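K.L.:
Here's a structure for you.
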Amino acid sequence: MPNTTLARAAIAAVAALTVGACASPPEEAASPGGRSQPGSDLAAEAGSTEVEGPEPRLVVSDADSGRVNVLDLTTGETLRSFEFDNPAHVTTVKDRYAFAVDGTGGAVHVVDAGTWTIDHGDHTHSYTKDPVELGALEGDGPGRVIEGDDKAATFFDAEGAARVIDFAALRKDSIDVGTVVRADAPHHGVALPIADGFVVSHSAATGPLELHTADGAVPQRFHTACPNLNGAAASDTHVLGACEDGLFVATTADGTWTSEKVSYPSGIGAATRPTALRGHPELPLHVATAGPAATNDGLLVFDARTRAWAHVRTPDRALDVALAGDGRSVFAVLADGTFRVYDVQSGAETASSRVLAHPYDPSEVSATPPVMVVGGTRAYVSDPMSKTVAEIDFRDNARVARTLDVGVAASTLGVVGL
């Protein structure tokens, strides 16, 4: 791999889970029906209970139906199954909500998975309630959900418009759309919430990305072109777009925007360029597979702070990748059926385990590929053929801690409640 060193991200101290004394802000006031444990200084939302510590849940979408299951990760039991019209792609938002995007129709179903944690710096408060659907966003064409700036923006391709929900509304069990962001025309696009605005794609393949405000103004068109945008991410300070000829990077500081194009590593071309970017809002690192399974050449790590790439070549095709919350490790599930751990700084493999009952054949176009998600100190990898999900303790030599029988061929996974 190239001799590129990625700076490690600073690691925040883990907040204590003991409920301590703190001032309760007005928006956390009790609602009738909420129940807190003795000694807590906060009252729970209506229908919820404060618990000793985080109780994470796994959200699983079925590749073959419109079913989305919410599992209790303490017991492995399914708490609730939601039946939608068509198979859906799940995007988790605010570590609590699941946006289930109908891949055939236009609806985006919003589910409160019913577990969340409020961080007060020196301690946290955790709550649970029954999972419930809050409603659906109706639109034309497949939706694409991007979280950022305390908002979730769902872009509908056939309309060329994004519907935006503010987290303040979600916390009140509302999916009322606060803002509609309109691109120049319908297209396979995206709206990235950042700094009280939105970076929006353009319908022309070589058209410029644009900065939109909530009132519909377009104060800036970025000069850096992004042909054939496919894959994007937003953080507090920057947005990324995976273009045909490199990575579009736009940053903001003190109200001033700048943009640039960062070339892909040597050897990365049209067949091995990234088409999805994953990371954590508080980290400058983003990871991606180097192309789809059919043409994959390992995995890529990008540091938005230094603009440096690392290209890690894996022993078999990387089907999905994820980043540890501390930014030290990147994980990959490979076509040979293994889960691999790589050191972000050196690119060296540090651990591996077998997680699939059988290798995955990328030539089987009808087969559902394995997917992965990270929650806390565990990674979860789906095995669609066996309808199971492996829970992996990646700090313990990639040990498979348990295998969850989820009863469906999982096409997407999400972890909430941490």
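Since every read-out is calculated from the coordinates, none of them should be taken as a lab result. All figures in this text were calculated on a predicted structure; none of them were measured in a lab. We place every Cβ from the backbone using ideal geometry, glycine too, and count neighbours over all the protein chains shown.
K.L.:
Given a Förster distance of 51 angstrom, what is the FRET efficiency for residue 119 paired with residue 86, based on the Cβ-Cβ distance and rounded to 0.05?
P.N.:
0.90
K.L.:
Quickly estimate the mean residue ellipticity at 222 nm for the chain, helices only: each DSSP H run with n ≥ 4 gives -39500 (n - 2.57), and the total goes over all residues, rounded to 500.
P.N.:
Value at 222 nm, helices only, nearest 500: 0 deg cm²/dmol.
K.L.:
Based on the mean of other Cβ atoms within 10 Å per residue, sort peptides 305-317, 394-406 so the most packed one is first.
P.N.:
305-317, 394-406
K.L.:
Take residue 403 and residue 364, extend 7 Å from each Cα along the Cα→Cβ direction, and tell me the distance between the two endpoints in nm.
P.N.:
1.6
K.L.:
Here is a follow-up. Please work out the C-alpha center-to-center distance from region 260-338 to region 48-80 and express it in whole Å.
P.N.:
28
K.L.:
Got a sec? Charge dipole of the chain, +1 on Cβ for Lys and Arg, -1 for Asp and Glu; which of 388, 185, 90 is way out at the positive end?
P.N.:
So the residue furthest toward the plus end is 388.
K.L.:
Quick one: Karplus J couplings for region 339-348, per residue in order, coefficients 6.51, -1.76, 1.60, θ = phi - 60°, nearest Hz, x for Gly and Pro?
P.N.:
For region 339-348, the Karplus-derived couplings read 9, 10, 10, 10, 6, 5, 6, 9, x, 6 Hz, x marking Gly and Pro.
K.L.:
Is region 59-218 rounded, prolate or oblate when judged by the Cα gyration tensor, a ≥ b ≥ c being the square roots of its eigenvalues, rounded requiring a/c under 1.5 and prolate requiring a/b larger than b/c? Please list the in-between numbers first.
P.N.:
Values: a/c = 2.47, a/b = 1.41, b/c = 1.75.
Oblate.
K.L.:
Under 5 Å between amide H atoms, partner at least 5 residues away or on a different chain: which partners does residue 275 have, H built in plane at 1.01 Å?
P.N.:
Close amide H contacts, sequence-distant or interchain: 289, 291.
K.L.:
Express the relative contact order of the chain as a whole percentage, based on alpha carbon pairs under 8 Å and six or more residues apart in sequence.
P.N.:
On the way: 1166 pairs, mean separation 52.5, N = 418.
Once normalised by length, the contact order is 13 percent.
K.L.:
Oh, and also: Hey, with R₀ at 41 Å, roughly what FRET efficiency would residue 236 and residue 134 work out to, going by the Cβ-Cβ distance, to 0.05? Don't skip to the answer; put the middle values down first.
P.N.:
Details: r = 26 Å, r/R0 = 0.63.
Efficiency at R0 = 41 Å is approximately 0.95.
K.L.:
About the Cα centre, and with charges only on the beta carbon of Lys, Arg (+1) and Asp, Glu (-1), how big is the dipole of the chain? Nearest 20 debye, please.
P.N.:
On the way: 30 positive and 55 negative charges, 202 e Å.
With Lys and Arg at +1 and Asp and Glu at -1, about 980 debye.
K.L.:
Describe numerically, in nm with one decimal, the distance between label points set 7 Å from Cα along Cα→Cβ at residue 313 and at residue 258.
P.N.:
3.5
K.L.:
Contour minus end-to-end for residue 276 and residue 64, with contour as 0.36 nm per residue of separation and end-to-end as the Cα-Cα distance?
P.N.:
Contour length minus the Cα-Cα distance gives 74.0 nm.
K.L.:
Sort 61-67, 377-383, 204-210, 161-167 by packing, meaning the average of other beta carbons within 10 Å per residue, with the highest value first. Please report the intermediate quantities before stating the final value.
P.N.:
Working: 61-67: 19.4, 377-383: 23.7, 204-210: 16.9, 161-167: 22.0.
So the peptides 61-67, 377-383, 204-210, 161-167, ranked by packing, come out 377-383, 161-167, 61-67, 204-210.
K.L.:
Starting with the highest mean, order 84-95, 331-342 by the number of other Cβ atoms within 10 Å, averaged over the residues of each peptide.
P.N.:
In descending order of packing, they fall as 331-342, 84-95.
K.L.:
List, in order, the whole-Hz ³J(HN,Hα) value for each residue of region 363-373 obtained from phi through the Karplus relation with A = 6.51, B = -1.76, C = 1.60 and θ = phi - 60°; use x for Gly and Pro.
P.N.:
6, 7, 5, 8, 6, 7, x, x, 10, 9, 8
K.L.:
What are the extents of the Cα atoms of region 139-263 along their three principal axes, in Å, largest first?
P.N.:
43, 34, 23
K.L.:
Now for a different question. Would you be so kind as to identify which of 376, 353, 207 lies farthest towards the positive end of the dipole of the chain, taking Lys and Arg as +1 and Asp and Glu as -1 on Cβ and the Cα centre as origin?
P.N.:
353
K.L.:
For residue 363, what is the net charge nearby, where nearby means another residue's Cβ is under 15 Å from its Cβ and Lys, Arg count +1, Asp, Glu -1?
P.N.:
On the way: positive: 317; negative: 316, 336, 361, 364.
For residues surrounding residue 363, the net value is -3.
K.L.:
Please work out the Cα convex hull volume for region 243-343 and give it in Å³ per residue. Could the numbers behind the result be given before it?
P.N.:
Numbers: hull volume 9.6 nm³, N = 101.
Spelled out: Cα convex hull of region 243-343, divided by residues, is 95 Å³.
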